[in-house]
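The values are calculated or read from the model by the stated rules, or taken from the named source; none is laboratory data. These numbers were taken from a predicted model, which means no experiment stands behind them. Cβ coordinates were reconstructed from backbone atoms using ideal geometry, including for glycine residues, and neighbour counts include every protein chain displayed. When the accessible area is computed, the model is the full protein with side chains, heavy atoms only, and any ligands, DNA or RNA have been set aside. Shrake-Rupley method; radii C 1.70, N 1.55, O 1.52, S 1.80 Å.
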Amino acid sequence: MAQAAEPTNPEHPDIENLLTEDRRFPPDPEFAAQANVHPEVYSWAAADRLGFWADQARELITWSTPFSEVLDWSGAPVARWFGDGKLNAAYNAVDRHVEAGNGDRVALHFEGEPGDSRAITYAELQREVSRAANALTELGVGTGDRVAIYMPLVPEAVVAMLACARIGAPHSVVFGGFSAEALHSRILDAEAKLVITADGGYRRGSASALKPAVDEALEKGAPTIEHVLVVRRTGQDVAWTEGRDVWWHDVVDSASDTHAPVEVESEHPLFILYTSGTTGKPKGIFHTTGGYLTQTAFTHRAVFDLKPETDVYWCTADIGWVTGHSYVVYGPLVNGATQVIYEGTPDTPDKGRWWSVVEKYKVSILYTAPTAIRTCMKWGEEIPAAHDLSSIRLLGSVGESINPAAWTWYRRVIGGDKAPIVDTWWQTETGAIMISPLPGVTTAKPGSAQVPLPGIAADVLDDDAQPVPNGSGGYLVLTEPWPAMLRGIWGDEERFRDTYWSRFPGRYFAGDGAKKDEDGDIWLLGRVDDVMNVSGHRLSTTEIESALVSHPIVAEAAVVGANDETTGQAVVAFVILRTEEGDAAQASGMDVQAELRTHVAKEIGPIAKPRRILVVQELPKTRSGKIMRRLLRDVAEHRVVGDATTLADSSVMDLITAGLNTPS
Ligand code: ATP
Ligand code: MG
């Protein structure tokens, strides 16, 4: 936050925005004619925000006890939504679809990395979740107890989450790739009673063990854990602690397949989820039931235009991060969707795997992250072109700003030059999508998340907490409470207030920089902590990265500001070249550094020209695919690299540091 508190040079706006992107993609009339939402939804929600959300809650969610009160904000910043209502999340995600006669609809098409697959209908899911709920109860887990889930992306992971929800035991999913250390600290923080895990999962063509990390975590001391429930996925040998460890197939398969869902209050905690840790120590964000389900269901239906009878939806996120919670488990299942879940990596056994999954299941809605799109750009468009992707009718993006070059590639190569793209801005904390174009309604602008959804109030403020005029940049805030908002940081109310509510009292500070364009549409500019200050100009990481990625030889870019005696900070860029184009450029003797520096100067202006450009093979990313710029800043400033425990691949930093010290 140091940047945020600094006085700004009055001659310069809070964050200067320099990149101009003026391509426009109006909605296709055919798409618009069949879209789930119409433009009037904005004025309806604006006229009666709470009435709008109450209607969504009644329409999309089944309440065992109806609510009468919509929002109670008297305990701000902790909201109560639909406070006197009662419901069960698993009942909403599963049982009611069976009761409505849709038990034979496939809920999950599971694709294992080795090529095994299973289709699970809603009726089967109901029986499996009921068995698991009975088994959890048998193991002593009660309503309110916390359960840690540390699993590969297999159907049992979804079943485990729903079984917890069914008995009212908040789950805390820890990404299966995290270390024993990370798992341990999360188990302690949530005081979990049970860990659900698997012997292992498949990644990059081989069985990768999970259970040893659980054993190691528990050896460090975890007094609240009573049992470890283990799914057999790979069949690999596992160490066993008698009395503590229990096989899933022993206790779940034999349990009764009927179970009465536990009715909980709307504000009953549904889950705790630790943020991906891009900026610092992970925070245990906790979410409750009624408001969260309402907003995830509404946004999933409106933003992805879901038609549950005909669409095949695929969100590539792991359940270990919030997108997997809101847009693999709760949103789609509450809406009765048919979806694909895929266990493995996109390049196993080859770089066409994702596209063969799309072709095999006729995926119609695909939701993924810019990092994945840029990786596919790097590999070359002939790979997706070799598959039939004609089933795709809508594309989504989440996790970072999508660079305009990646946006247009995504639409052209994956979306057949036709599919609308929804660039969805939200956070673990917001629980559900907050800012996004609506398909069939919004004229899309590549690189912009554009408009707050109906019922959502956002703004961009300057240092003095005043809304910036159109055309200027500042800090993104949410100005009204929303149904899926976090209810706190688990066990740390002070950190909750400090982190989100102190910078602009009464408003939620997201930590992201943003600008409003001439139409008032919102463009995300990157983390406020990452904003660079070069000779008094505050520059956005996103814009310079987008300029770099718009060069035909660049696949990915990350920029940071490194201390500089003359300019305050200097822009240092790390770039990954596209495989074919990059090789050709280097073979032709192109001075890549000079070429890219000139390119940035041309696209943005000389002030944004990187001082140094380093060509690297990989960038440090979190498991959810976000670039960890703070580690690159350490490298650029020749410091010891900081906490890298949430990195997807911790050897990346060694490679980058080694590369940096080798003269090129
Ligand atoms: P931590 O808070 O621990 O640093 P994190 O912020 O990476 O972790 P998430 O909650 O997964 O964890 O990420 C939310 C952030 O991702 C947003 O604050 C924003 O910076 C970025 N983001 C997500 N979607 C978009 C988008 N469509 N455009 C731009 N940025 C986005
Ligand atoms: Mg965050």
On the given criteria, is Asp498 within 15 Å of ligand 2 (Cβ to nearest atom), open to solvent by 40 Å² or more (accessible area, probe 1.4 Å) and of a type in the set (Asp, Glu)? yes
Against the condition under 18 Å from the mean Cα position of the chain (by Cα), in a helix (DSSP H, G or I) and within 25 Å of Trp321 (Cβ to Cβ), how does Ala432 come out, does it pass? no
Listed residues Thr408, Thr424, Thr442; which is within 16 Å of ligand 2 (Cβ to nearest atom) and within 28 Å of Met377 (Cβ to Cβ)? Thr424
Can you report the number of residues in the stretch 113-146 which are farther than 17 Å from Val231 by Cα and buried (at least 22 other Cβ atoms within 10 Å of the Cβ)? 4
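Okay, residues lined up against (1) over 17 Å from the mean Cα position of the chain (by Cα); (2) away from ligand 2 (no atom under 16 Å from the Cβ):
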residue	(1), (2)
Glu263	yes, yes
Thr275	no, no
Ile285	no, no
Arg301	yes, yes
Leu306	yes, yes
Asp311	yes, yes
Ala317	no, no
Val322	no, no
Tyr327	no, yes
Is there a residue in the stretch 428-440 that is at pLDDT 95 or above, over 25 Å from Gln34 (Cβ atoms) and open to solvent by 10 Å² or more (accessible area, probe 1.4 Å)? yes
Tell me whether the stretch 424-447 contains one or more residues that are within 13 Å of ligand 1 (Cβ to nearest atom) and of a type in the set (Asp, Glu). yes
Taking the conditions exactly as written (under 26 Å from Thr408 (Cα atoms), open to solvent by 50 Å² or more (accessible area, probe 1.4 Å) and part of a helix (DSSP H, G or I)), does Glu581 satisfy them or not? yes
Asp530 versus (1) closer than 26 Å to Thr375 by Cβ; (2) in contact with a Leu (Cβ under 8 Å, 6 or more places away or on another chain); (3) surrounded by 24 or more Cβ atoms within 10 Å (Cβ to Cβ): which is the lone unmet condition? (2)
Residue ranges of strands (runs of 3 or more DSSP E) in the stretch 165-270 with at least 2 members open to solvent by 20 Å² or more (accessible area, probe 1.4 Å): 200-203, 206-209, 245-247
Quick one: what pairs do we get from the stretch 449-460, first residue within 16 Å of ligand 2 (Cβ to nearest atom), second not in a strand (DSSP E or B), C-beta under 8 Å, 6+ apart or different chains? Ala449/Ser401; Ala449/Thr424; Ala449/Ser436; Ala449/Pro437; Ala458/Met434; Ala458/Thr479
Flagged pairs (Cβ under 6 angstrom, 6 or more apart or on separate chains; first in the stretch 535-551, closer than 16 Å to Met628 by Cα; second open to solvent by less than 10 Å² (accessible area, probe 1.4 Å) and part of a loop (DSSP other than H, G, I, E, B)) are Ser540/Ile15
Any idea which of Thr296, Thr316 is free of Cβ contacts under 8 Å to residues at least 60 places away in the same chain and not aromatic (Phe, Trp, Tyr)? Thr316
Would you be able to tell me the number of residues in the stretch 502-521 that are open to solvent by less than 60 Å² (accessible area, probe 1.4 Å) and within 16 Å of ligand 2 (Cβ to nearest atom)? 7
Qualifying residues in the stretch 469-486 (those that are open to solvent by 10 Å² or more (accessible area, probe 1.4 Å) and over 22 Å from Ser43 (Cβ atoms)) - the one farthest from the chain's Cα centre (by Cα): Pro469
Considering only the stretch 401-423, state which residues are part of a loop (DSSP other than H, G, I, E, B) and crowded, with 24+ Cβ neighbours inside 10 Å. Ser401, Ile402, Asn403, Pro420
